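See structure below.
The values are calculated or read from the model by the stated rules, or taken from the named source; none is laboratory data. For clarity, every value in this text was computed on a predicted model and none was experimentally measured. A quick note on method: Cβ atoms are made from the backbone with ideal geometry, for glycine too, and the neighbour counts reach across all protein chains shown. Remember, those area values only see protein heavy atoms, side chains included, never the ligands or the DNA or RNA. Shrake-Rupley method; radii C 1.70, N 1.55, O 1.52, S 1.80 Å.
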Amino acid sequence: MDYYLEQLSNGIAVGSIYALIALGYSLVYSILNLINFAHGYVIMVGAFVALALLQAGIPAVPAIFLACCAGALIAMGVERIAYRPVRHSNRIVPMISALGAGLVLAAGAQLIWGPEVHAFPQLIPRVPVEIGGVTLSSQSLIILAISLVLVAAASWFLHRTRFGIAAQCVCQDLATAQLMGIPVNLIIVAVYAIGGFLGVAGAVLFAMYFNAVFIQMGLLATTKAWAAAMLGGIGSFSGAFWGGILLGLAETAAVMTAGSAYRDGVSLAIIVLVLLLKPNGLFGAPSAERS
Amino acid sequence: MSLSLTSITAGYGDRMILDRLDLDIAAGQRISLIGHNGAGKSTILKAITGQIPVKGGEIRFDGAPMKGLAPEARVRHGIVQVPAGRHVFPQLSVEKNLRVGAFTRRDRAGVEQDLDRYMEKFPVLRAKAKRPAGTLSGGEQQLLAVARALMARPKLLLVDEPSLGLSPVMVDEVFSYLGSLSGVSVVLAEQNVRMALKVTEEAVVLSQGAILQRMSAAQLMQDAGFRRSYLGG
Ligand SMILES: Nc1ncnc2c1ncn2[C@@H]1O[C@H](COP(=O)(O)OP(=O)(O)OP(=O)(O)O)[C@@H](O)[C@H]1O
Ligand SMILES: [Mg+2]
């Protein structure tokens, strides 16, 4: 019994990381209606930046904060260079330019940090904690707490502030948002920045949890964000969150029953299944009037 | 408020729809744009809001040239459009849709007042204030879209095909409301000619991107040629 509860808590913790990664991805997807291949690569670079700053002796909290800011800046750069010029083109064009931006980031990161897998400093203590007779890992609990705080902050920002509501409008209907006087270019850049910031936070937690940073994290993170966002319903904030949690649980279940080699296949299976069976996601409102 | 389109040429890509078109609208005027499918009604509205670029000629609003201004910047000048097909923000609540209409305003008290005013005017919006706008009926969404645009306190309100997909009862409600507005100029692009002429003083008849006629709505209703082409006799 204990074993299952511990696995459950691990699954939720990993899921909360995916939620962080999926949020920005999902918001950007809903604006552009495309698969943002660059997202995972941006946050992979952010994780490397965090590693570099930590190795340079900068204390953990400022180092990670700076890395998140770097992620925001890179995401803004990607928007400016790879999206804005092609935003009005045929849908396939921005998708390819996103993939191109991701590959450039991967090549750049590989030039700097090399192709090997780097260990990531374990900043979060990994000790057994007993709660109500059940032993859980302190790491999972702390990761979950950090993710939840960040998700709650982002949710507050998106749902309660003027700026956040404008961002929702841009996601739901860009042309109409513009007719309401919302400065869409500014909002789109900001959405990218927020996505980059949260995504890097997720990538750093991911790096800690699996004790690894590596170039291929880019594609891996994009795939997981994609799966989580699809699962919960693209473009929906709570959907991305619950999609992330479910993905974490599904992966944990796959690892428990089939072995850890199956972890990364789960997101691909989910993408295919959701596309086939429930294109609007599990909680997806029928995607209203998106042309 | 004054709007002047001087010899404007505009269209989509390389295809020009409006060719050296002139149109002036004065303060408080209510004008219908009448014309068959594809006559260019929506295209004129898009040129005024800046959704499509103007390739030749000039649009001035209150004397200021609009060239190069994005739609959101024109809203700040007082030009606001109710888009065709309503386009409320489906996942935002009715109330938030209304608040978004006031995005460019800074007078908080005035915004609250207007919010109250439109909810008073359209009780259904108050009753469903917390519901996602996507759950409203088509007619309710149209009322919301009009009220949302008015929340910006526009000087010029552009309305594209508000009768589209509405029941006759809702058409009546929407149009009589548009006809009752004061202190704002209105340009109404509409295929439902009878209704449009009822609530506007003047009409512009368009065909293939050019203006055929401009006269008072009452006069136009008497015009036999016009009645034959647009009212079926
Ligand atoms: N996005 C677009 N791209 C290319 N051509 C367009 C586009 N929108 C409209 N057109 C063309 O421009 C011309 C004028 O269309 P417009 O939409 O202004 O007509 P309308 O008078 O509003 O008609 P309706 O009553 O059907 O709305 C038509 O020939 C139409 O095919
Ligand atoms: Mg039209």
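Structure above, values below:
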| quantity | calculated |
| --- | --- |
| Residue among B:Arg20, B:Arg60, B:Arg15 that alone is within 9 Å of ligand 1 (Cβ to nearest atom), over 23 Å from B:Phe226 (Cβ atoms) and not aromatic (Phe, Trp, Tyr) | B:Arg15 |
| Residue in segment B:211-232 that is within 16 Å of ligand 2 (Cβ to nearest atom) and open to solvent by 70 Å² or more (accessible area, probe 1.4 Å) present | no |
| Test: residue in segment B:24-43 that is away from ligand 1 (no atom under 16 Å from the Cβ), within 12 Å of chain A (Cβ to nearest Cβ), touching a residue at least 12 places away in the same chain (Cβ under 8 Å) and not polar (S, T, N, Q) | no |
| Which listed residue is more than 19 Å from A:Ala47 (Cα to Cα) and open to solvent by 30 Å² or more (accessible area, probe 1.4 Å), from A:Ala167, A:Ala152, A:Ala107 | A:Ala152 |
| Candidate set from segment A:230-284 (those that are within 14 Å of another protein chain (Cβ to nearest Cβ) and either farther than 18 Å from A:Val28 by Cα or part of a helix (DSSP H, G or I) (or both)); member that is farthest from the chain's Cα centre (by Cα) | A:Phe283 |
| Residue in segment A:55-69 that is open to solvent by less than 30 Å² (accessible area, probe 1.4 Å) and among the β-branched types (Val, Ile, Thr) present | no |
| Search result, residues across segment B:86-98 that are outside any loop (DSSP other than H, G, I, E, B) and facing chain A (nearest Cβ under 7 Å) | B:Lys96 |
| Helices (runs of 4 or more DSSP H) (entirely within segment A:82-197) containing at least 2 residues that are more than 14 Å from chain B (Cβ to nearest Cβ) | A:92-113, A:138-160 |
| The lone exception for A:Asn211 - which of (1) open to solvent by 10 Å² or more (accessible area, probe 1.4 Å); (2) within 12 Å of chain B (Cβ to nearest Cβ) it fails | (2) |
| Complete set of residues in segment B:74-92 that are open to solvent by less than 20 Å² (accessible area, probe 1.4 Å) and away from ligand 1 (no atom under 16 Å from the Cβ) | B:Arg74, B:Val75, B:Gly78, B:Ile79, B:Val80, B:Val88, B:Phe89, B:Pro90, B:Leu92 |
| Hey, B:Ile31 part of a loop (DSSP other than H, G, I, E, B), under 25 Å from B:Glu161 (Cβ atoms) and not basic (Lys, Arg) or not | no |
| Those helices (runs of 4 or more DSSP H) lying entirely in segment B:99-185 with at least 1 residues within 14 Å of chain A (Cβ to nearest Cβ) and within 16 Å of ligand 2 (Cβ to nearest atom) | B:138-150 |
| Among residues of segment B:161-194, those that are in contact (Cβ under 8 Å) with a residue 40 or more places away in the chain, open to solvent by 10 Å² or more (accessible area, probe 1.4 Å) and acidic (Asp, Glu), counted | 1 |
| Whichever residue in segment B:27-40 is open to solvent by less than 50 Å² (accessible area, probe 1.4 Å) and not polar (S, T, N, Q) and, among such residues, is farthest from ligand 2 (Cβ to nearest atom) | B:Gly28 |
| Selection count, segment B:58-85, where residues are assigned to a loop (DSSP other than H, G, I, E, B), more than 7 Å from chain A (Cβ to nearest Cβ) and touching a residue at least 60 places away in the same chain (Cβ under 8 Å) | 5 |
| Subset tally (residues that are in contact (Cβ under 8 Å) with a residue 60 or more places away in the chain and touching a Ser or Thr at 6+ places or on another chain (Cβ under 8 Å)) for segment A:84-134 | 2 |
